[in-house]
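Student: Please read through the structure below; I'll follow up with questions.
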């Protein structure tokens, strides 16, 4: 069946390239509930990355920055051990101690707060630059250690509401010696085309999985807003320790090869549709049995590999 026989009005073209839109309709017709081969006991699977694929910007990074700016973490001895000593642990902790116990309004313009925030966020950026994205993502999630489920759930909802309400812009994070400042993006938005695609896939009996290297707790809350149940959201999780989270991550970490492993472990089979935007998604896309789509965000290596693999490449979507 080709796209001329496709679902009637079930998926607007929007910003999709015409050939990609047609291919999506073909996938829905070939594997969805209108197909004579559809098996409700083994529904077809679609797997999507979250950050910069389902949404504009990175919700895991946004949550990390929110927690740091508001000092919403459990600052015991174990917390400080998360920060590598070579990245200024002592200086960051000293800056934090200088503002501990004071309100956000009291500390926001102080040099100690600037040092603390720039130092802790700078550790994340240094890890990403020197040790790769997986090391940085794990670091961001480990900042949740010591917090209870309830506290994390409260922060998650605050972060999503806050970032949905912010403009898609940028913010200057001021530095404080010895830490440099940085510019970070602000706001998150669901890509319109992805929301519509999820609606069409759901209507035709697909099981949709979100596979992300951000923390699972915020991604689950975000995915719930587009109708994806929590059991179909894969992200980085922490083991439990006492009444809160420990600092060890649950394996496999869903980044790179770990995305493929985690999806197969939980879903039990390969997707017929997969969409991602970075080399972190490569193995998930490679494991797809049908249509693999790469969102082009200027990652030349990813686009080159996608073309080599015969995957489709889609320019940016709409917010």
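The values are calculated or read from the model by the stated rules, or taken from the named source; none is laboratory data. Just so we're clear, the structure is a prediction, and the values are computed from it rather than from any experiment. FYI the Cβ positions are ideal-geometry reconstructions off the backbone, even for glycines, and counts take in every protein chain you see.
Student: Residue 305 passes all but one of (1) at pLDDT below 95; (2) not in a loop (DSSP other than H, G, I, E, B); which number fails?
Tutor: Only one criterion in (1) at pLDDT below 95; (2) not in a loop (DSSP other than H, G, I, E, B) is unmet by residue 305, namely (1).
Student: Condition (residue is at pLDDT 95 or above and farther than 24 Å from residue 146 by Cβ) applied to segment 232-248: is it met by at least one residue?
Tutor: Within segment 232-248, one or more residues are at pLDDT 95 or above and farther than 24 Å from residue 146 by Cβ.
Student: State the number of residues belonging to segment 35-60 that are within 12 Å of residue 206 (Cβ to Cβ) and either buried (at least 17 other Cβ atoms within 10 Å of the Cβ) or in contact (Cβ under 8 Å) with a residue 60 or more places away in the chain (or both).
Tutor: 9
Student: Examine segment 17-27 for a residue that is in a loop (DSSP other than H, G, I, E, B), at pLDDT 95 or above and touching a strand residue (DSSP E or B) at 6+ places or on another chain (Cβ under 8 Å), and state whether such a residue exists.
Tutor: yes
Student: Okay, next question. Can we say residue 60 is touching a strand residue (DSSP E or B) at 6+ places or on another chain (Cβ under 8 Å), outside any loop (DSSP other than H, G, I, E, B) and modelled with pLDDT under 95?
Tutor: So residue 60 fails the test.
Student: Residues in segment 284-306 that are over 20 Å from residue 27 (Cα atoms) and surrounded by fewer than 22 Cβ atoms within 10 Å (Cβ to Cβ): how many?
Tutor: Qualifying residue count for the region: 9.
Student: Hey, residue 129 hits all of (1) in the same structural domain as residue 81 (by TED's automatic domain parsing); (2) under 19 Å from the mean Cα position of the chain (by Cα); (3) part of a helix (DSSP H, G or I); (4) surrounded by 13 or more Cβ atoms within 10 Å (Cβ to Cβ) but one; which does it fall short on?
Tutor: (4)
Per-residue answers, yes or no, for (1) buried (at least 24 other Cβ atoms within 10 Å of the Cβ); (2) farther than 30 Å from residue 37 by Cβ; (3) within 17 Å of the chain's Cα centre (by Cα):
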| site | (1), (2), (3) |
| --- | --- |
| 204 | no, no, no |
| 210 | yes, no, yes |
| 213 | yes, yes, yes |
| 218 | yes, yes, yes |
| 222 | yes, yes, yes |
| 228 | no, no, yes |
| 232 | no, no, yes |
| 237 | no, yes, yes |
| 247 | no, yes, no |
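Student: Pairs only if they're at least six apart or on different chains, beta carbon under 7 angstrom, first in segment 137-166 and on the phi > 0 side of the Ramachandran plot, second surrounded by fewer than 21 Cβ atoms within 10 Å (Cβ to Cβ) and part of a helix (DSSP H, G or I); list them, first residue then second.
Tutor: Note: pairs meeting the criteria are 146/78; 146/79.
Student: Moving on. Could you list, in sequence order, the residues of segment 1-16 that are under 15 Å from residue 313 (Cα atoms) and at pLDDT below 75?
Tutor: Selection gives nothing.
Student: Would you point out which residue out of 85, 104 is without any contact (Cβ under 8 Å) to a residue 40 or more places away in the chain and touching a helix residue (DSSP H, G or I) at 6+ places or on another chain (Cβ under 8 Å)?
Tutor: 104
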